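Before any comments, here is the structure.
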Ligand SMILES: *Cc1c(COP(=O)(O)O)cnc(C)c1O
């Protein structure tokens, strides 16, 4: 942390707003996942942070790619991942996407219509294509055998019917993908979900007679965004899955078992730093005007926005825009005790650009630095950098050997 403070001070002399990604933390989190799930292959959900250095670091830890667009397929492929480790899963893939991705990734069909579009591309190529299918399961994430309507995947019943009457001659179903929810902190809930996904894979094979080559169990593993929440007991989830995988893998020794993760792998590795540009008082309220808040790291302003318009004490999450109350810690590099009550706003000509109202802070003045935590996932990628044509924050990667890499 001391090391980080020196680096931040140095960087802030040059940049007024920047993301700092710390590779040590990426290594720690990815190792934690791998250690707790020894039978599982991990895929990095690139959409949470596609910064090239971050991506490279996660791939170096052995992760494959959960690509949510053709762009992410291309990035993963160009980063050197083989086709066997890139899985392209997203709703609404175009024929152009399918054609461009078919040689570089496993395609996960998100609907029956999409299977048919892949079939037409495969027929044109005169090839048989192995695909995965994303299933919208007949169980809910928190338990109970009730399927929910979803824009994602194919309902269980529909896939069985499709397989029965399949006339897609150039398609072979080789894998299943299930992902229902993100950001869960209750280990027992995730363990129950994993059990249900394994049962689904067994049932699918029994009903269809298809021998699956891979099962992608999706994500779900959350990070604790604030001090009030308990970190996920990942050892519990790992042990529980191992218990069920041990007999499962004996039965199906050739099936690859995969878990996807975005935020658990990199969420805690990033911090957003910005500078105080101006300080003023109005009718007794003290405002600190900061560089690039809503337009640099949108989620803290999104949180204020949701809380302002929701009557709920703890509004439901709307991932990945809003997770919970107090999802970010705002800190300064000053060691002094808080002595002022301030409202933190950004330098946009927009009233919604507020990240904190009336919070205690040490006395800050123009030039001082403010940090915001949990900026490693769904942070830079979600933020409207173009709004108002401001200079955008830079992204800086602090490598494990203390090299500082700046990406404008
Ligand atoms: C976004 C997404 C993930 C990643 O979720 P995290 O909470 O960041 O781990 C995994 N799988 C699918 C299908 C997703 O859309």
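Quick notes
- Subset of the stretch 60-80 that is more than 16 Å from the ligand (Cβ to nearest atom) and touching a residue at least 24 places away in the same chain (Cβ under 8 Å) - its residue that is nearest to residue 32 (Cα to Cα): 62
- Residue check, residue 305 in a helix (DSSP H, G or I), away from the ligand (no atom under 16 Å from the Cβ) and modelled with pLDDT of 95 or more: yes
- Residue in the stretch 192-217 that is surrounded by the fewest Cβ atoms within 10 Å (Cβ to Cβ), counting only those that are over 26 Å from residue 236 (Cβ atoms) and touching a helix residue (DSSP H, G or I) at 6+ places or on another chain (Cβ under 8 Å): 211
- In the stretch 314-327, the residues that are within 16 Å of the ligand (Cβ to nearest atom), surrounded by 14 or more Cβ atoms within 10 Å (Cβ to Cβ) and not in a strand (DSSP E or B): 317, 320, 321, 323, 324, 327
- Every residue from the stretch 343-358 that is surrounded by fewer than 18 Cβ atoms within 10 Å (Cβ to Cβ) and within 29 Å of the chain's Cα centre (by Cα): 350, 351, 352, 357
- Matching residues, the stretch 262-302, being within 16 Å of the ligand (Cβ to nearest atom) and assigned to a loop (DSSP other than H, G, I, E, B): 262
The values are calculated or read from the model by the stated rules, or taken from the named source; none is laboratory data. Everything numeric in this text was worked out from a predicted model, so none of it was measured. So basically every Cβ, Gly included, is an ideal-geometry build from the backbone, and we count neighbours across all protein chains shown.
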